[in-house]
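Asker: I am attaching a structure below and will ask some questions about it afterwards.
Bear in mind these aren't lab numbers, they're just calculated from the coordinates by the rules spelled out. No experiment lies behind these values; they were computed from the predicted model shown. All Cβ positions, even for glycine, are placed from backbone atoms using ideal geometry, and neighbour counts span all protein chains on display.
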Amino acid sequence: MFSLQTKKASMKKTLIGTLLAIILGLVQSSPSCLPGDRALGRCISATEEKASCIDNALGYCDDLAYSKTIFPNLLDHRTRGEIEFSSEYILLSVIDNLLQGECNPDLRIVGCSVLAPRCEKNKVVKPCRKVCESLKKSCQPAFDAIDMAWPYFLDCDRFFVGEEEGCHDPLEKLRVNIDVVSEEVAPQMPNTFIHFNHHSYTQMISVLKKTAARCSHISKTYSIGRSFEGKELLVIEFSTNPGQHELLKPEFRYIGNMHGNEVLGRELLIYLAQYLCSEYLLGNARIQAIINTTRIHLLPSMNPDGYDLAAEEGAGYNGWTSGRLNAQNIDLNRNFPDLTSEFHKIIKMRSARLDHMPIPESYWDSKIAPETKAVMKWMRAIPFVISGSLHGGDLVVSYPYDFSKHPLEEKMFSPTPDEKVFQLLAKTYVASHPLMSSKATERCGGNFVSKGGIINGAEWYSFSGGMSDFSYLHTNCFELTLELGCDKFPTEDELYSAWQDNKESLLSLIEMVHRGIKGIVKDEYGNPIKKARISVKGIRHDITTAENGDYWRLLIPGVHIVSAEAFGYSKVTKKITLPAKMTKPGRVDFVLKRVDINNRKFDRLVPEDIYDRFDPLDRFDPHSHNNNGEQGEGGELTAEREKPWWWSYFSMLGQNRPVWLLKNN
């Protein structure tokens, strides 16, 4: 944590030094009209000034495609000094650092075309609107990543014009080398081209938003909340109706970078997002089938704060602790409610409820990370069927339970009632992975060869508070832990081969949401019944229906006795047979009739609100800046704490600070 703060402090000193240098230089230049002087009558009036082309002498705008500019500019700045003292110009001087190189020099040059507009025959030639619109589409994600509003002086409708009005392309100088090369000499990159490199937080956000924009008909990004330091926990989803749950369409999720120093999963999910988008557009039949029948959610980084700390050590560093925890020094995979120990306590009770278990009230007395709360709320909001949590440190697929059925046993086989289903899911991932499925023992993960590359979590090593156990016991979702390699932070030259090793496995696991059965539970009038329970004889773990009465129940091939019941309704049972080589789920619908609840015993069924009588998670706002801020008197957060991290870099401008960069302004 100290090194992360040191890095930010160093960046801040660099930017402040730049701003001081600009201001000191401007004082020496003695501009003819300082900001504010015109209002006091100290400057020549607009009618006394004669507009004419002059040489462009702005230091940060000295590489434009033209050399002549004019005053006043498009922002009504009338002198060089007024421009150089402006917050707009200072923003252009530091934007490269703030955006970590994203969108530059294009952004600076287009901004300069407004501050130092082109002049021909003593008249302004405005920049082209299409250039501005293209730049905004490309660069908006970079601004969103640092919670900064799009600069007002880059308003494409206000300061730019169409070609019919005689505009100019401010980026023409950058395009020269491209224009003179024929397509035969420089063919376009294939649409599926992926840069196999590590991504900073800003770069990750930019890639995800650009990908969603490219495939906007099947993709969108959304945030499930913020990290302790305020970074967005950004998800990209793929579906034929992005943003909406569709009836009978199963939901799948991947979560990466839960431990900040385990970064391969983070990169693989960024690559997977680009791959799904590109291949869908190219007409890849398999990818189109997956997206047309499944709603996929990818959260590349659950712990972006920890990643920043780990990234300081750099790729190839084999440390096991630096950056693992979040900014509060919390291990996120030990921070979820421990429902497993309660399961082991009550399993011998015949009528005990062993699924959709409530969060213990005592849990809320502990230190809970905002990242943990955000993911728990996400789990509840969407009826996920399968999840994969991507980790690093070994090469194996583990599955629940992670906490031993005997608390004193560190390595004890502790299966769930769905042991066979979990084994099927884990083996599916391993089967398509050339290294995991290898019989060689002298390799990373070689000690799991005898178990087929998979292992029950508690048999490997026991721990409580894990995400996978919570997902299984609190929701419908079956989650695997995917350990992707012994090197937690591989070098960039290893990323392409890692993608090739995991790509097929990642796709195959998604396709497993179509194993088992699905259906809709309705009443006799055709109304859907939410939270009806679907039970399978011999498996003491029920799943519940979603808001529209639809459900998905993962099952292995064979004969099953399946029942549906709900509080206040009759119970209906059906016998089904699933073939060994099934490629899509069996459709099993249920119609339940209302019954008199006074004359009916409901085994293991309770009114749906009984388990929600004390649950702070329902009141938690994962997007609020205030969840972890420092409070002043009266419990209110200080104004500076509510500002984004880059705001202090403009503090020396006083009342002239660019409030137009604040999204909530």
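Asker: Return the loop-located trypsin sites (Lys or Arg not before Pro) in segment 352-445 (DSSP other than H, G, I, E, B) with at most 14 other Cβ atoms within 10 Å of their own Cβ; answer none if there are none.
Answerer: 367, 411, 439, 443
Asker: How far apart, in nm, are the 7 Å Cα→Cβ label points at residue 664 and residue 216?
Answerer: Label-label distance for residue 664 and residue 216, simple model: 2.8 nm.
Asker: Compute the relative contact order of segment 195-305 as a whole-number percentage, counting only Cα pairs closer than 8 Å that sit 6 or more residues apart in sequence.
Answerer: Relative contact order comes out at 35 percent.
Asker: Still on this structure: Net charge within 14 Å of residue 68 by Cβ-Cβ distance, Lys/Arg positive one each and Asp/Glu negative one each, not counting residue 68 itself?
Answerer: +1
Asker: Give me 404, 570 sorted ascending by neighbouring Cβ count inside 10 Å, so fewest comes first.
Answerer: Placing the least packed residue first, the sequence is 570, 404.
Asker: PRE reach from residue 620 (point 7 Å along Cα→Cβ): which of segment 356-375 fall under 14 Å by backbone N?
Answerer: In segment 356-375, the label zone of residue 620 (backbone N under 14 Å from the point 7 Å along Cα→Cβ) covers 359-375.
Asker: Which distance in Å, rounded to a whole number, links the C-alpha centroids of segment 474-548 and segment 216-291?
Answerer: Each part reduced to its Cα centre gives a spacing of 14 Å.
Asker: Shifting gears a bit: Taking the Cβ of each residue in 652, 436, 376 as the centre, tally the other Cβ atoms inside 10 Å and list the residues starting with the fewest.
Answerer: So the ranking, lowest neighbour count to highest, is 652, 376, 436.
Asker: So how far, in whole Å, is the C-alpha centre of segment 364-418 from the one of segment 68-87?
Answerer: A separation of 58 Å, based on Cα centres.
Asker: Then there's this: Can you tell me the FRET efficiency between residue 411 and residue 547 if r is taken as the Cβ-Cβ distance and R0 is 45 Å, rounded to the nearest 0.05?
Answerer: That gives a FRET efficiency of 0.65.
Asker: Once you put a point 7 Å from the Cα of residue 537 and another 7 Å from the Cα of residue 164, both along the Cβ direction, what distance in nm separates them?
Answerer: 7.5 nm
Asker: Kindly state, to the nearest 0.05, the FRET efficiency for residue 55 paired with residue 97, given R0 = 22 Å and r defined as their beta-carbon distance.
Answerer: 0.20
Asker: Note down the nm distance, to one decimal, between modelled labels 7 Å out along Cα→Cβ at residue 341 and at residue 492.
Answerer: Label at residue 341, label at residue 492, 4.6 nm between them.
Asker: Residue 53: net charge of surrounding residues, Cβ under 13 Å, Lys/Arg +1, Asp/Glu -1, itself excluded?
Answerer: Overall, the nearby charge balance is +3.
Asker: Now, a different point. Neighbouring Cβ atoms within 10 Å as the yardstick, rank 413, 403 fewest first.
Answerer: Result, fewest neighbours first: 413, 403.
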